[in-house]
Amino acid sequence: MQQVPAFSRLQTVPSAPASAVPRKLWILNSWRDLIFYVGTPLLLIPAFALAQARWSPQDIYLFVAAFGAMGHHLPGMIRAYGDRALFERFKWRFIFAPLFLLVTCVAFFWWDLRGILLIVFFWGVWHGLMQTYGFCRIYDAKTGTFDTLTRRLDFAMCLIWFATAVALSPYRLSDTLDTYYMCGGPFIPPSVVQLGQNLILGAAVFVSLLFAAHFVRTWIAGSRPNPVKLVLLVTSIAFWWYCNNLVSNILVGIALFEVFHDVQYLSLVWIYNRNRVEKDSNIGGFMRFVFRRSGSLVGLYVGLVFAYGSLSFINAHLGIDTVKRILTGVVTASTLLHFYYDGFIWKVRERSTRQSLGLAGGTADISLGGMVPGWAWHGLKWIGVFVVPLGALWFWQTRLAVPDLQRTAWLVADVPNSAKPHFDYGSAVKKEGKLEEAIEQYKTAIQFNPKYAEAHMNLGDALSGQAKFDAAVPHMETALRIQPNNGDFHLMYANLLQRIGRNDDAAFHFETGTRLKPNSADAHYSYAAFLAAVGKNDECVSELRTVLRLKPNYPDAELRLADGLFAKGNLKEAEGHYLAALRTDPESTVAYNNLGRVYLAQGQISQAVVQFNEALRRNPGYKEAEENLRVAKAADAELFPAAHR
């Protein structure tokens, strides 16, 4: 028996005689295979370089993650629920798996449990390497290559090099360990981490030597594996390594490989489903409509993929926390379902699947064999790769949570040659007020990544906290050169410029910050505070009205707007905003005092006295309220002398 994988796990297929399998190198044809499967990275790298000139890495990542990563789940869903024979065969999986994963994922995001993120990451890496392995087997099947050693070495190459790229990527390793420690996972000593990296690299070299020796031997012997497969392996593994270790911004790297993965998947599934519709009269309904041989339906296919992905795009821009948590759970459940379904709906060993891929042979039925029933074996795998690890991560996070300071210190120890752990540790010690230690960590992060904009900005902020303004300015300017469209950076720099008296420059950066963050109430409030400080009361009032439009329950904005209106003589409107501030924050002694001043200016002396007394009751040492109360009582004595005799 020989092994041929689908996209997610090994499969078993009877050997087919070499004469029964016509030798053909390509799945589609030479130029289409080079565009869609083999040479795609050579097209993506320049395309992304052009995209980065116009959009930020975050924008590129969000777009690809939505319309690519989630959108490409749809074709598998269409087949799972649109192919009647397939649905009947795996009916209970298709019914219960979505319900189970949906409830689990929403629950984990609702309670902010991070363990599900680790599961998604590891399943995702497995899914990606198995897709590459699946293409290897399809290419070898085209030339009738089915020998066991070739198959196993292909699998070993995909497994070891995908794992090695992650293990040796400072960002990927630190991000994975960070999530693990967020879940309360036990500390992994640096010596163990380094030993693991050395072992996995050694294994990668050893497997590569075996693969090369076997390839040369079979080529000389005349039993030649498909050379296109070799090129596919080289480009896929090299591109995975490039995306994880050599791209300057890891978000761009993740997006790059995701597009490669999606192009491979979507094109092959289109060809598969179109052939299936043409050859199988049992396929009907929506599948038969979408996958007919028609150029216009390719556009519909792509449009449906983008429409499905729009759910993730909308979720990324939601501001309502509860809805966002639910939708994030839905998106994550869709991702896990995609990984899961691809493990059994694209079995290359089956005759119908092979025919739709242009391959000969295959089996008509599935027979897992062995003493354990199929459903029990399937359940045991779910327990091993999902329930047990997720349960352990849940237990650790709820019972053994690790403080941020400890967690980030562990990361620095485990991955000392990565910028992000030093940045995170610097931010943690900065919260503790240890500015000198934070400055050292930010400087170390910049040494590893001179273009780390956040590290430059936070270093500038920490230096300004020590009143080292001259040293802070160049770091903030560097951050802005790297990310000129970051509104938060402009606002932080503007605050620094205001502190050192460069008000004209500060005004420019405040304006730019609010333009880049038009829906941020905090951004507009910072600008309003600056305008108030430089005496531009009318502009300040206008900004504060914008703040309250964006965030109606904002007591500081209500209070400052009331002050601005009071200064303009709009006493009645000022009174309304002071009262609104008190409704939101009944403990605001400043609001009581200033409301008393409004009443005093309106001649409502008794009400003014009440407000001043209330301010002093809540804060007996409030000198301004004490003085205002004295003035109010004096005014009351002048108006009603008899009452004070």
* Fewest to most neighbouring Cβ within 10 Å: what's the order for Ile283, Ile188? -> Ile188, Ile283
* Structure fact -> Final fewest-first order of Arg137, Arg79 on the 10 Å Cβ neighbour count is Arg79, Arg137
* Can you tell me the dipole magnitude for region 404-644 around its Cα centre, using point charges on the Cβ only (Lys, Arg +1; Asp, Glu -1), in Debye to the nearest 20? => 200
* Structure fact -> By the Kirkwood definition, with r running over pairs of different Cα atoms, the chain has a hydrodynamic radius in Å of 29.2
* Hey, which lysines would be in cross-link range of Lys91, C-alpha to C-alpha under 18 Å, not counting anything within fewer than 8 residues on its own chain? -> Lys347
* Exceeding the 22 Å Cα-Cα cut-off - candidates Lys229/Lys279; Lys324/Lys517; Lys324/Lys551 -> Lys229/Lys279
* About the Cα centre of the chain, what is the dipole size in debye to 20, counting +1 per Lys and Arg Cβ and -1 per Asp and Glu Cβ, all else neutral? -> 2880
* Tell me the Kirkwood hydrodynamic radius of region 404-644 in angstroms, computed as one over the mean inverse distance between distinct C-alpha pairs. => 20.6
* Structure fact -> Taking a straight Cα-to-Cα line shorter than 22 Å from Lys431, and setting aside same-chain lysines fewer than 8 residues away, one finds Lys420, Lys443, Lys468
* **Exposure proxy order (Cβ contacts within 10 Å, fewest to most) of Thr148, Thr235** => Thr148, Thr235
* Structure fact -> Rounded to whole angstrom, the alpha-carbon centroid of region 130-189 lies from that of region 218-258 at a distance of 12
* Asked: Just going by the charge dipole of the chain, with Lys and Arg at +1 and Asp and Glu at -1 on Cβ, which of Ser356, Pro41, Ala392 is farthest out on the positive end?
  -> Ser356
* Asked: Roughly speaking, what is the stretch gain from Asn553 to Arg32, that is 0.36 nm per residue apart minus the C-alpha to C-alpha distance, in nm to one decimal?
  -> 181.8 nm
* To do: Evaluate the relative contact order of the chain (contact order divided by residue number), counting alpha-carbon pairs under 8 angstrom at least 6 apart; express in whole percent.
  => 15
* Subtracting the Cα-Cα distance from 0.36 nm times the residue separation, let me have the gained length for Phe206 to Phe90 in nm, one decimal. => 37.8 nm
* Report the semi-axes of the equivalent ellipsoid for region 187-268 in whole Å, largest first, where each axis is √(5λ) for an eigenvalue λ of the Cα gyration tensor. => 28, 24, 9
* To do: Identify all lysines with a Cα-Cα distance to Lys623 below 30 Å; exclude those on the same chain that are fewer than 8 residues away in sequence.
  => Lys536, Lys568, Lys572, Lys633
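Laboratory data are not the source of any read-out in this text; all were calculated from the coordinates shown. The model shown is predicted, which means the values in this text are computed figures rather than measured ones. Every residue, glycine as well, gets a Cβ built from its backbone with ideal geometry; the counts of neighbours run over all protein chains shown.
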